[in-house]
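The values are calculated or read from the model by the stated rules, or taken from the named source; none is laboratory data. Bear in mind that the values here come from a model prediction, so they are computed numbers and not experimental data. Cβ: placed from backbone, ideal geometry, glycine included. Neighbour counts: every protein chain shown. To get the accessible areas, we keep the full protein, side chains included, count just its heavy atoms, and leave off ligands, DNA and RNA. Shrake-Rupley method; radii C 1.70, N 1.55, O 1.52, S 1.80 Å.
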Amino acid sequence: MLDLTHRPRRLRSSDFLRQMVQETRLEVRQLIYPMFVSEKVADRVEVSSMPGVFQHSVEDLVKEALAVRRSGIPAILLFGLPQVKDESASQAYAPTGVVQQAVRALKTAAPDLIVITDVCLCEYTSHGHCGMVEKSRHGYRVLNDASVELLVQTAVSHAEAGADIVAPSDMMDGRVGAIRRGLDGRGLTDVPVMSYAAKFCSAFYGPFREAAESAPQFGDRRTYQMDPANALEAMREVAIDVEEGADLLIVKPGLPYLDILWRVKERFGLPTAVYSVSGEYAMLKAAARNGWVDEKRAVLEMMTAFRRAGADLVITYWARDVARWLE
Ligand code: PBG
């Protein structure tokens, strides 16, 4: 005899019923859209490995950001590509740098759009590393503390230009606390720090390095980004950022790190974002273009999985499509 006391299917019999009992919801206000502003392009240039993603001029960026705002997306995450790169990443913290210019223009045109700036040196250094590098006969060394000083200057200059939130993605030790003190010292006490707290050394950043022109010219990022094999170490690193005053946390990449996302949210309870990175975007785009997966269904499923795993916010190159699909 079949025991029919428990019949989960009962709650799946209609769309209304399914929606009523749905545990996880995805909303447009949970999305953050990454954008690239370049000093070198006239209008816009599409990133070949990321169809639908562009490098924008400041003017074009503002136009696009207004459309983003109209779609209901509350925030963008901004990356800059300078005209010139040098050993000390001087365009990262120049008051006239491309991000600083763009932030001023954005805050004038769309004051209520939340502008989050990515704080890193890799787009600005001639060698493409996220910090200062010392070369010797034996190879090279990334200089942690000297890099942190420049990151503080970068974050402060973004905030002084009007950035609403600064997001350090460099992964140097001690940068969250140093940036917090730097901001406070300039009276920018209300600017939150959104830390890339668990950022793994991942092959899934490949297409981004084309978009941001930031591939390292030698070596790799293994000495400062995290080992994909280590979850406990990731928890220790996140704990340090929380102690240093991070207001929001980012876990990155997304799909291969849902377990990390879950642990971070459970353990720390801070507002947590997941960054679904360029490689995740590129692989699904490629499959969709071949007709191998249904892009809309796959993307919405992925976004729902991020929310289910604990993400309050999702940073995604699909933000504009998702906003449209959720309408
Ligand atoms: C800069 C930075 C990277 C990404 C965001 N900020 C690249 C890297 O660490 O090499 C990757 C984002 C993506 O792949 O979409 N440090």
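Okay, here's what the table says:
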item	result
Per-residue ³J(HN,Hα) for the stretch 172-189, Karplus 6.51 cos²θ - 1.76 cosθ + 1.60, θ = phi - 60°, Hz, x for Gly and Pro	6, 6, x, 6, 5, x, 5, 5, 4, 5, x, 5, 4, x, 9, x, 8, 6
Cα-based helix-to-principal-axis angle, 144-161 vs the chain, degrees rounded to 10	80 degrees
Rounded percent of accessible protein surface that carbon and sulfur make up, the stretch 25-326, 1.4 Å probe	50 percent
Counting all C-alpha pairs of the stretch 25-326, share separated by more than 27 Å (%)	36 percent
Cβ-derived FRET efficiency at R0 25 Å, residue 134 paired with residue 96, nearest 0.05	0.35
Dipole magnitude of the chain, debye to nearest 20 (Cβ charges: Lys/Arg +1, Asp/Glu -1, about Cα centre)	960 debye
Other-chain or far-sequence residues with amide H under 5 Å of residue 78's (modelled H)	35, 116, 117, 118
Sequence-distant residues sharing a close amide H with residue 197 (under 5 Å, placed H)	250
Within-11-Å neighbourhood charge of residue 296 [Cβ basis; K, R +1; D, E -1]	-2
Rounded to 10°, Cα long-axis angle of helix 295-308 versus longest principal axis of the chain	80 degrees
Extension gain (nm, one decimal) between residue 114 and residue 141, 0.36 nm per residue minus Cα-Cα	6.1 nm
FRET efficiency, 1/(1 + (r/R0)^6) with R0 41 Å, evaluated for residue 46 and residue 14 via beta carbons	0.45
Per residue accessible area of the chain, 1.4 Å probe, in Å²	46 Å²
Spherically averaged projected area of the stretch 1-102 from its Cα convex hull (nm²)	12.0 nm²
C-alpha center-to-center spacing [the stretch 255-327, the stretch 190-209] in angstrom	15 Å
Degrees separating the helix 58-70 axis from the principal Cα axis of the chain, which is the longest one	20 degrees
Computed FRET value (nearest 0.05) for residue 184 with residue 239, which takes r as the C-beta separation and R₀ as 25 Å	0.70
Antiparallel DSSP beta bridges within the stretch 25-326, as percent of all bridges there, nearest 5	20 percent
Contact order normalised by residue count of the chain, Cα under 8 Å, 6+ apart, percent	18 percent
